[in-house]
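Below is one structure, written out as structure tokens; comments come after it.
The values are calculated or read from the model by the stated rules, or taken from the named source; none is laboratory data. Note that the structure is predicted; figures quoted are calculated from it, not measured. Note that we place each Cβ from the backbone using ideal geometry, even for glycine, and neighbour counts take in every protein chain shown.
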Amino acid sequence: MNKRPVILVTGANGQLGMEFRDLESSFLNYQFIFVSRNELSIEDPEQVDRFFNSHVVDYCINCAAYTTVDKAESDIEAAFSGNATAPGYLAKAAAKQGAAFFHFSTDYVFNGNGTQPYSETLPTDPVNVYGESKRDGEERVRDNHPKAVIIRTSWVYSRFGKNFVKTMLRLMHEKPEISVVNDQLGSPTYARDLAAAVMHIVQTHTPAQIIPGTYHFANQGIISWYDFALAIKEIAGLGCRVNPVPSSSYPTPAKRPSYSGLNTNKIREIYQVEIPEWKNSLRECIQLLLKER
Ligand SMILES: NC(=O)c1ccc[n+]([C@@H]2O[C@H](COP(=O)([O-])OP(=O)(O)OC[C@H]3O[C@@H](n4cnc5c(N)ncnc54)[C@H](OP(=O)(O)O)[C@@H]3O)[C@@H](O)[C@H]2O)c1
């Protein structure tokens, strides 16, 4: 029997990492190695090299990142270390071993002044530290791994970890009314759909067949956070009143792009990835969350 290809998932306790863990039982022809920050900190180049010297990896999927957007404004060094320098170390070690490398970036690499979904070829111009650190990370990954696949995604939620959907469900249970911004537009992304898309690519491409590049992946449809909150309320059948407010009435340390729709044609065409419509995926996630209550 042939050896099963090995998939290393870093940052495996985050939203996306947990979705890969959840998918493991559907991909028994692969051997998964899941490592959380405690087991492998990608910020430590010696630890990264030691890991790769003692494991054979066919696909490395980097789910580790510094994701607290507002905190990044005052924690610049940590944001750049986790999102830029560290992915560079991992990409280098993966490349040395000939492992395929998947890395995730963000819609926040764009300035948000656009009005049409951003394609991969448009110039980046982040408006906050998180976006800058992620853009720097993309460059380090490209520099260190000639065949890296960088997938920019947006507004990620899951039944795991902390996210907008879980926060809204909690607030809508606790409060009679809440206010949500209606002047930032983008696409929610169910982390499970993203993990499934990566597994589709893995299943259909050996490491040598991977088509490197930058790709956009987000669920289909562009909405505001207010629309997103209304849909959460409707699907969960909650009575809380949701009021639309402008971003100016909800100041945050980090500036957000006002429009960050992503054009996903490239990943759909090159990798034949099917991307579900945002509300169908939201429904699926909320049903799982309600079952867990
Ligand atoms: N969340 C979003 O809305 C969003 C939007 C666009 C793009 N993305 C990108 O999508 C990817 C997945 O995001 P996510 O939502 O799954 O993030 P997440 O839930 O915050 O998970 C990130 C994980 O990385 C771990 N981590 C941080 N630093 C690490 C290090 N030095 N070594 C190893 N692990 C480390 C974290 O561990 P600790 O908890 O211990 O720190 C956490 O478990 C990231 O690249 C992110 O930038 C996310």
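Conditions tested, residue by residue: (1) crowded, with 18+ Cβ neighbours inside 10 Å; (2) modelled with pLDDT of 95 or more; (3) part of a strand (DSSP E or B); (4) touching a Phe, Trp or Tyr at 6+ places or on another chain (Cβ under 9 Å).
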residue: LEU169; (1), (2), (3), (4): yes, yes, no, no
residue: ILE178; (1), (2), (3), (4): no, yes, yes, no
residue: ALA195; (1), (2), (3), (4): yes, yes, no, yes
residue: MET199; (1), (2), (3), (4): yes, yes, no, yes
residue: ALA208; (1), (2), (3), (4): no, yes, no, no
*Scanning for something on the phi < 0 side of the Ramachandran plot and within 12 Å of the ligand (Cβ to nearest atom), does the range 111-123 turn up at least one residue?*
no
*Restricting attention to the range 1-50, which residues are assigned to a loop (DSSP other than H, G, I, E, B), among the hydrophobic types (A, V, I, L, M, F, W, C), more than 16 Å from the ligand (Cβ to nearest atom) and surrounded by 14 or more Cβ atoms within 10 Å (Cβ to Cβ)?*
PHE27
*asked:* Just the residues that are without any contact (Cβ under 8 Å) to a residue 24 or more places away in the chain and assigned to a helix (DSSP H, G or I), please, taken from the range 238-279.
replied: SER248, ARG268, GLU269
*Would it be correct to say that GLY213 is under 22 Å from PRO126 (Cβ atoms), in contact with a Ser or Thr (Cβ under 7 Å, 6 or more places away or on another chain) and not basic (Lys, Arg)?*
no
_From TYR66, TYR108, TYR89, residue being part of a helix (DSSP H, G or I), hydroxyl-bearing (Ser, Thr, Tyr) and touching a residue at least 60 places away in the same chain (Cβ under 8 Å)_ = TYR108
*What number of residues in the range 51-66 are under 19 Å from the mean Cα position of the chain (by Cα) and either within 11 Å of the ligand (Cβ to nearest atom) or surrounded by fewer than 18 Cβ atoms within 10 Å (Cβ to Cβ) (or both)?*
6
*For the range 282-289, state whether one or more residues are modelled with pLDDT of 95 or more and of a type in the set (Lys, Arg).*
yes
*Has the range 242-256 got any residue that is at pLDDT below 95, of a type in the set (Phe, Trp, Tyr) and within 20 Å of MET168 (Cα to Cα)?*
yes
*Identify, please: which residue in the range 226-241 is of a type in the set (Gly, Ala, Ser) and modelled with pLDDT of 95 or more and is, among those, nearest to ASN163 (Cα to Cα)?*
ALA229
*asked:* Return the residues of the range 143-167 that are part of a loop (DSSP other than H, G, I, E, B) and either touching a helix residue (DSSP H, G or I) at 6+ places or on another chain (Cβ under 6 Å) or under 21 Å from VAL127 (Cβ atoms) (or both); say none if nothing qualifies.
replied: HIS145, ALA148, SER154, TRP155, SER158, ARG159, PHE160, GLY161
*Which condition does VAL149 not pass, out of (1) of a type outside the set (Ser, Thr, Tyr); (2) more than 30 Å from ILE270 (Cα to Cα); (3) touching a Gly at 6+ places or on another chain (Cβ under 9 Å), if it passes all the others?*
(2)
_Where ARG140 falls short, out of the listed (1) part of a loop (DSSP other than H, G, I, E, B); (2) within 15 Å of the ligand (Cβ to nearest atom)_ = (1)
*Could you say whether any residue in the range 189-196 is in contact with a strand residue (DSSP E or B) (Cβ under 7 Å, 6 or more places away or on another chain) and either charged (D, E, K, R) or more than 13 Å from the ligand (Cβ to nearest atom) (or both)?*
no
*Does the range 214-232 hold any residues that are in a helix (DSSP H, G or I) and buried (at least 18 other Cβ atoms within 10 Å of the Cβ), and which are they?*
TRP225, TYR226, ASP227, PHE228, ALA229, ALA231, ILE232
*Report yes if some residue within the range 144-167 is of a type outside the set (Asp, Glu), more than 13 Å from the ligand (Cβ to nearest atom) and without any contact (Cβ under 8 Å) to a residue 40 or more places away in the chain; otherwise report no.*
no
*Where residues in the range 67-110 are surrounded by fewer than 23 Cβ atoms within 10 Å (Cβ to Cβ) and near the ligand (Cβ under 9 Å from one of its atoms), which of them is nearest to HIS200 (Cα to Cα)?*
THR67
